[in-house]
Amino acid sequence: MDVHHRRNQILSILAIGLGFVLLYLAQKYLTSYQVRILNNCGLFITLAVSYNLINGVTGQFSLEPNAFVAIGAYTSALLTLSPAEKAMSFIIEPIIWPLSVIQTPFIISLLAAGIVTAIFGFLMGFAVFRVRGDYLAIVTLGFGEVVRVVANNTQTITNGPLGLKALAPYTNVWWTWGLALITVFYVSRLVRTSYGMAMKAVKYDEAAAEAVGINAFRHKMLAFTSSAFFEGIGGGLLAHLITTISPTLFTFFLTFNLLIMIVVGGLGSTTGAIIAAILVTWGGEFLRFVEEPINIFFIHIPAVPGMRMVIFSLLLVLMMIFARHGIMGTREFSWNWVVDRMNGLKFLLRNRG
Amino acid sequence: MDFFAAKNLTMKFGGLVAVNDFNITLKRGEIVGLIGPNGAGKTTVFNMVAGYYEPTEGTITFSKNIINGKKANEITKLGIARTFQNIRLFTELSVIENVMIAYHCRVKSTFLGAVLRFPLYRREEKMMHEGAMNILEEVGLASLAKERSDSLPYGQQRRLEIARALATGPELLLLDEPAAGMNPQETQDLVDLVIRIRDNHGLTVFLIEHDMKFVMQICERMKVIDYGTTIAEGTPEEIQNNERVIKAYLGEA
Ligand SMILES: Nc1ncnc2c1ncn2[C@@H]1O[C@H](COP(=O)(O)OP(=O)(O)OP(=O)(O)O)[C@@H](O)[C@H]1O
Ligand SMILES: [Mg+2]
């Protein structure tokens, strides 16, 4: 295959090592606000990259991540809370057995979040992949709403609109970026296997994919369930990052944010999803000032909550018109490309000096 | 028992009878043609055989299985491969990827085995690569393996689609207008190619074509349909001199 395989592997390991050194320094020296942004970046990389697997790589335009994240968040939160804490916060109606007595370590709760969400995704897949195109988008959007409504109304499991409070703040940069690394590893490897090629085939031409023996349904299910697994774990991390969850947290807004990321990054490109997840998360923080009251000389602009969403939506519209392929198109980062550029640069410098 | 048989196939779209009581049997190793004017129902026959449409009536048997009602990808796995009238390659993938993909349905590794690159998957990946390369060699596209498939000229895209179909390991190959859009030289090369792959892979070929020169050269037997109904069958010579066929093509004069 690639003659530079070994070298690239070493470069990747070095880059990851360097990344973790930077994370160590960051969480040691940055302010807690900055560390929170860093956590959000890691988390959104996971969510965007796994969402991209079904929407970008397999080409099945669907709108369910808020449902997956919600399921993961609730699963994990219900497992880390102690029985005493649960008894205390379920004031309207008591929590059902066995949830009332179970408590697990954080990591187990995360795995459970991934598995429960994957099972949910798997079952949901049977229903939603009977349709495609716009219908798929609508049906999956519906599922997101259903999950939220159910969370609001199953008082004895989710504590309804009151939500779950005072979760232990287990999530830190190691968890968020560790999960991001695993997700990126899984997705980028998967995309390069024949399974991933089959997913792309389904995206480009489903009828032709069937003609070469590819079971389109099974590959959609694989992408969807994988996506659910990582979104679920991401939900668990999110819950223990903000330490309070309630149904209002998991509206379509969350999905819309992720959609912006994968479109800006370039549908189908993992590299693009990573870059855009960081840009949008960081940019969202940066743009906070537009929602505050602004005084320019004598002009006073009052605070406009939601202004950032307007800007992001505009950005999305402009992308659709002028740069449909996003930052990366369907291309991916590659060490060969980097090394080639470096060699080119060296050559340039030598010829000058 | 016949290698392949279609009995009393009928396909209705609402009130339109696209194919009416179509019958054919194929023997192993034959090259058989299906011709007829535009809109006669030829592609519809293929779509039924390949599992894209479920026949309104009739049965299709292929090496002892009744296959109508099965899904397209299952039929491909059983050994019937097809090409499309309007080329349908995976345009953004490379030439070799377009062929490698056709081996995927026989991959034994699970997706986790593939992601973790277990030895079984590595072996399978190597086999897919080598298999695809051999087939590209055979159809004369090996030197273009790394190109994007939509960068090829039209005639070569048609060959690539045949290569992709071959890689699924078929016993019966359905070619829907393989010579469409080809110049005379390319068409002549295609005649050689089809005969060669038939011999090398022990195929049976069932093809639709409008180019009469091509059909007459390559087919041992053919069937003519018009408005969904079979109007003639026989050897190329018999068809050429058949009154009804001439009328169907030229219109009632
Ligand atoms: N999915 C469909 N729904 C409705 N009508 C269809 C469908 N597919 C084919 N038809 C109709 O069936 C008839 C036969 O079409 P078919 O494509 O089989 O013709 P053909 O012999 O392949 O023609 P051509 O030589 O132009 O390719 C046509 O009238 C066509 O409009
Ligand atoms: Mg046709």
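The values are calculated or read from the model by the stated rules, or taken from the named source; none is laboratory data. What you see is a predicted model, and the numbers here were worked out from it, not measured in a lab. With ideal geometry, Cβ positions are generated from the backbone for all residues, glycine too; neighbour counts draw on all protein chains shown.
Annotation: of all residues in segment A:285-310 being assigned to a helix (DSSP H, G or I) and in contact with a helix residue (DSSP H, G or I) (Cβ under 6 Å, 6 or more places away or on another chain), the one that is surrounded by the most Cβ atoms within 10 Å (Cβ to Cβ) is A:Arg308.
Number of residues in segment B:146-161 that are closer than 11 Å to B:Asn98 by Cβ and either within 13 Å of another protein chain (Cβ to nearest Cβ) or within 16 Å of ligand 1 (Cβ to nearest atom) (or both): the value is 6.
Taking the criterion of being more than 8 Å from chain A (Cβ to nearest Cβ) and within 14 Å of the chain's Cα centre (by Cα), the residues of segment B:84-96 that qualify are B:Gln85, B:Asn86, B:Ile87.
Checked against (1) within 23 Å of A:Ala208 (Cα to Cα); (2) more than 14 Å from chain A (Cβ to nearest Cβ); (3) aliphatic (A, V, I, L, M); (4) more than 16 Å from ligand 1 (Cβ to nearest atom), B:Met1 passes all but condition (1).
When each of B:Gly51, B:Gly36, B:Gly69 is tested for being within 15 Å of ligand 1 (Cβ to nearest atom), within 25 Å of A:Ile214 (Cβ to Cβ) and not hydroxyl-bearing (Ser, Thr, Tyr), the lone residue that passes is B:Gly51. Contact map, segment A:201-212: first residue in contact (Cβ under 8 Å) with a residue 12 or more places away in the chain, second residue buried (at least 24 other Cβ atoms within 10 Å of the Cβ) and of a type in the set (Ser, Thr, Tyr), Cβ cut-off under 7 Å, separation 6 or more or different chains; pairs are A:Val202/A:Thr58; A:Lys203/A:Thr58. Across segment B:39-63, which residue is nearest to ligand 2 (Cβ to nearest atom) among those that are part of a strand (DSSP E or B) and either of a type in the set (S, T, N, Q) or buried (at least 20 other Cβ atoms within 10 Å of the Cβ) (or both)? Within segment B:39-63, the match that is nearest to ligand 2 (Cβ to nearest atom) is B:Ile60.
The set of residues in segment B:105-124 that are facing chain A (nearest Cβ under 7 Å), out of contact with any Gly (no Cβ under 7 Å at 6 or more places or on another chain) and not aliphatic (A, V, I, L, M) contains only B:Phe111. Do we have A:Ile91 as in contact (Cβ under 8 Å) with a residue 40 or more places away in the chain and surrounded by fewer than 23 Cβ atoms within 10 Å (Cβ to Cβ) here? So A:Ile91 passes the test.
When every residue of segment B:20-28 is checked against the conditions, at least one turns out to be within 13 Å of ligand 1 (Cβ to nearest atom) and either touching a residue at least 12 places away in the same chain (Cβ under 8 Å) or in the same structural domain as B:Leu174 (by TED's automatic domain parsing) (or both).
Going by what's in this entry, would B:Leu207 be described as within 16 Å of ligand 2 (Cβ to nearest atom), under 25 Å from B:Lys42 (Cβ atoms) and either within 14 Å of chain A (Cβ to nearest Cβ) or modelled with pLDDT of 95 or more (or both)? Taking the combined requirement at face value, the residue satisfies it.
Among residues of segment B:38-56 that are within 14 Å of chain A (Cβ to nearest Cβ) and closer than 14 Å to B:Ala72 by Cβ, those with a Cβ under 7 angstrom from a residue that is more than 12 Å from ligand 1 (Cβ to nearest atom) and basic (Lys, Arg), sequence gap 6+ or separate chain, pair up as B:Phe46/B:Arg82; B:Ala50/B:Arg82; B:Gly51/B:Lys70; B:Gly51/B:Lys71.
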